[in-house]
Structure formats: C-alpha cells, structure tokens
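Read the structure below first, then the notes.
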Amino acid sequence: MGTIAILGAMREEIEPLLSHMDNIKEVNYANNIFYEASFKGKDVVVAYSKIGKVFSSLTATLLIEKFGCDTLLFSGVAGAISSDLKIGDLVIADGLCQHDLDITAFGHPHGYVPEGEVCIPTDVRLREIAKDIAKAKGIELKEGIIATGDQFVACSDRKNWVKETFNAHALEMEGASVAVVCNALNIPFFILRAISDTADGSADIDFDTFLDSSAKISAGFILEMVERI
Ligand code: ADE
C-alpha cells in the first residue's frame, strides 16, 4: 500500500482531517507545510495548497513527485450550480474542466487548448468506493462535472454560463488543475466537495458562513475513503 495524498485548498479544509491523524510530522517545502501522518495505520500526506489553479497544481505535483503519493484525494467546498445541490450536500466529480480557459478566438471550444482535454475524468475505482460508502451510510452523494476557474463566482449570469457551457453541477477553484497534474502523471485521483454556497449574489456571505461546516462534512467522508482504499 502506497501513500495517499489528501489535498485541500484552504486551512479550513484540512484542519478537520488533521485532527484525526496520528504521528503528524510537518515538512516545510516550497512556501508550504506538508503534514506526513498516519490514519488507521495508513500513510498519508495532507496539505492545503492555497486557493486557485496555480497553487493547487504546484502542491499536487509535489505530493506526487516529492512525497511519493500514489493516490490523491481532494477535500473541500464548492459553489452549487445544480438546483438540487443544497448547502452541505456532497458532490463528487466524474470529470473536471477549466471554465476560465479561453482561446475561443482561435476557434477552439471553451476550456480547450491543443493537446489538452476539455474534461478530465476522475478515477472510476475511487468513485465506486465513494458510492459504496455513501450507500452503506445512507449518505446522498451527487455526481457530475465540476468546473474550475481562478474566480470566486458570486453572480448568477456567470454561474448559468458555466452550467450551459460545460454542463457542470458545481464550481470551485482547484479541481481541474489537480486533474491535469494527476492525469499527466498517471495518478488515480478523486475530487470531493461539500456545497458552501450557490455561486450567486449571496455566495460571499454564504461561503463565510458555511465554509467550516461544509469543509468538515467533506473531510469526514474523505476519512471514510482512506479507510477503504
Ligand atoms: N468555492 C466555494 N464556493 C465557490 C464559488 N462560489 N466560486 C468559486 N469557488 C468556490
């Protein structure tokens, strides 16, 4: 059994993970802290990247290349796009796309650059494990496309555009960049989010209100996953 990376974007997203870990050792690297730890006898490395695609790419790469992780689980919060996603609901990505990647001036679709893909699928086995856990525990787990961009979306027009353009169910700021890294390095990965807001005019207030509680819901589920991997 290899080492499992558990990544969040913000401190609030990983704190509820670390509080359940044993033998935590902090490693400072690249202006960040990586927490080598064990959870129920399994080796894990936990980190928060800081917000956005660039920081999350850097941290995902280091978790794989420097810390030797062979599976990556992302835990955090997202803005809902689908009207059936409520605050606190869990959503897993079946694929991730970058909603702010735009070279449409050259006739390409949104989210596409040559030699890339609009939508990168997550690992099917990890998704199946998640669905088994949800079923066993009676937890409702939604699944769909998650759209990523370097923008906090707090506007119905932008949210609706992302929905129509990518058929996305939720949006956040790190999933697709982590997907690009894991896909390129052949590392199975899984992106879980709990809804903190609905990406519209009240998103900023809702985010501040529900960040901690939703991050905790996501982290709790991720710990179940670690046990089962
Ligand atoms: N993460 C949580 N809510 C978000 C939003 N509304 N936009 C982008 N990322 C988010």
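The values are calculated or read from the model by the stated rules, or taken from the named source; none is laboratory data. Note that the coordinates shown come from a computational prediction; the quantities given were computed from them, not determined experimentally. Note: ideal-geometry Cβ built from the backbone for every residue, glycine included; neighbour counts use all protein chains shown. The accessibility values were calculated without ligands, DNA or RNA, using every heavy atom of the protein model including side chains. Shrake-Rupley method; radii C 1.70, N 1.55, O 1.52, S 1.80 Å.
Among the residues of the range 105-118, are any within 25 Å of Ser49 (Cα to Cα), within 14 Å of the ligand (Cβ to nearest atom) and among the hydrophobic types (A, V, I, L, M, F, W, C)?
No, that holds for no residue.
Of the residues in the range 17-41, how many are open to solvent by 40 Å² or more (accessible area, probe 1.4 Å), in contact with a strand residue (DSSP E or B) (Cβ under 9 Å, 6 or more places away or on another chain) and assigned to a strand (DSSP E or B)?
The total comes to 8.
In the range 172-217, how many are small (Gly, Ala, Ser), crowded, with 22+ Cβ neighbours inside 10 Å and more than 11 Å from the ligand (Cβ to nearest atom)?
Residues flagged as small (Gly, Ala, Ser), crowded, with 22+ Cβ neighbours inside 10 Å and more than 11 Å from the ligand (Cβ to nearest atom) within the range 172-217 amount to 3.
What number of residues within the range 135-154 satisfy the criterion of being within 13 Å of the ligand (Cβ to nearest atom) and open to solvent by 60 Å² or more (accessible area, probe 1.4 Å)?
Going through the range 135-154 one residue at a time, the tally reaches 3.
If I ask for residues that are in a helix (DSSP H, G or I) and aromatic (Phe, Trp, Tyr), which ones from the range 96-150 would you list?
Residue satisfying the conditions is Phe106 alone.
Starting from the range 142-154, take each residue that is over 15 Å from Phe190 (Cβ atoms) and list its partners that are open to solvent by 60 Å² or more (accessible area, probe 1.4 Å) and among the aliphatic types (A, V, I, L, M), counting only C-beta distances under 9 angstrom and pairs at least six apart or across chains.
So the pair list comes out as Asp150/Ile51; Asp150/Val54; Phe152/Ile51.
Could you please let me know if Phe166 is crowded, with 19+ Cβ neighbours inside 10 Å, within 18 Å of Phe55 (Cα to Cα), away from the ligand (no atom under 11 Å from the Cβ) and not charged (D, E, K, R)?
It is false that Phe166 is crowded, with 19+ Cβ neighbours inside 10 Å, within 18 Å of Phe55 (Cα to Cα), away from the ligand (no atom under 11 Å from the Cβ) and not charged (D, E, K, R).
Is it the case that Ile205 is over 18 Å from the mean Cα position of the chain (by Cα), in a helix (DSSP H, G or I) and either among the aliphatic types (A, V, I, L, M) or within 15 Å of Asp100 (Cα to Cα) (or both)?
The answer is yes for Ile205.
Yes or no: Ala130 within 16 Å of the chain's Cα centre (by Cα), among the hydrophobic types (A, V, I, L, M, F, W, C) and open to solvent by less than 50 Å² (accessible area, probe 1.4 Å)?
The answer is yes for Ala130.
Is it true that some residue in the range 60-75 is assigned to a strand (DSSP E or B), buried (at least 18 other Cβ atoms within 10 Å of the Cβ), in contact (Cβ under 8 Å) with a residue 12 or more places away in the chain and within 15 Å of the ligand (Cβ to nearest atom)?
The answer is yes, given that some residue of the range 60-75 is assigned to a strand (DSSP E or B), buried (at least 18 other Cβ atoms within 10 Å of the Cβ), in contact (Cβ under 8 Å) with a residue 12 or more places away in the chain and within 15 Å of the ligand (Cβ to nearest atom).
Tell me the residue from Asp123, Asp84 that is within 15 Å of the chain's Cα centre (by Cα) and modelled with pLDDT of 95 or more, please.
Selected residue: Asp123, the only one of Asp123, Asp84 that is within 15 Å of the chain's Cα centre (by Cα) and modelled with pLDDT of 95 or more.
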